[in-house]
1. Which of the residues spanning segment 67-84 are without any contact (Cβ under 8 Å) to a residue 40 or more places away in the chain, open to solvent by less than 60 Å² (accessible area, probe 1.4 Å) and part of a helix (DSSP H, G or I)?
2. Please list, ordered by residue number, the strands (runs of 3 or more DSSP E) wholly in segment 1-66 having 2 or more residues that are free of Cβ contacts under 8 Å to residues at least 24 places away in the same chain.
3. Which members of segment 28-53 meet the condition of being surrounded by fewer than 18 Cβ atoms within 10 Å (Cβ to Cβ) and within 18 Å of G86 (Cα to Cα)?
4. Taking segment 1-12 as the region of interest, how many residues are closer than 18 Å to I84 by Cα and buried (at least 16 other Cβ atoms within 10 Å of the Cβ)?
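The values are calculated or read from the model by the stated rules, or taken from the named source; none is laboratory data. Note that the coordinates shown come from a computational prediction; the quantities given were computed from them, not determined experimentally. Don't worry about glycine lacking a Cβ; one is built from the backbone with ideal geometry, like all the others, and counts go over all protein chains shown. Note: areas computed on protein heavy atoms with side chains; ligands, DNA, RNA excluded. Shrake-Rupley method; radii C 1.70, N 1.55, O 1.52, S 1.80 Å.
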Amino acid sequence: MTKDTEKTIEVSQGEYSIATVSDEVQTMQTYGIGPCVTVTIYDKTNKKGFLTHIDTPEKAKSLRSVLYKLSAQGFDVKNCEARIIGGQTGSSMDTVKE
């Protein structure tokens, strides 16, 4: 799969990205979630986004340390909206539980 536009950040399996909406970056995307889980967090006040494509429960555990770093990146947790996408299979349910 290719980027929809040059202003799209593509996040591969096992990776994450943090970005601020600007003229250079307008969207983030991932693909092939299948048995994996995607977590998105968006701070609408500061227009900052986080996207990760988690493929194992072990990586879900490491997400806690990444989330701690969001405030250092300028995220205001009071203004954030988070979503978990996936968790359709038994193995991904373990990831969601983590």
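1. N79
2. Values: elements: 8-10, 16-20, 27-29, 37-43, 48-54.
Strands (runs of 3 or more DSSP E) meeting the threshold: 8-10, 27-29.
3. Our first condition is that a residue be surrounded by fewer than 18 Cβ atoms within 10 Å (Cβ to Cβ); within segment 28-53, this holds for 29, 31-35, 40, 44-47.
Scanning segment 28-53 gives Q29, Y31, G32, I33, G34, P35, T40.
4. Of the residues in segment 1-12, the ones closer than 18 Å to I84 by Cα are 10-12.
Filter again for buried (at least 16 other Cβ atoms within 10 Å of the Cβ), leaving 10-11.
Total satisfying the criteria: 2.
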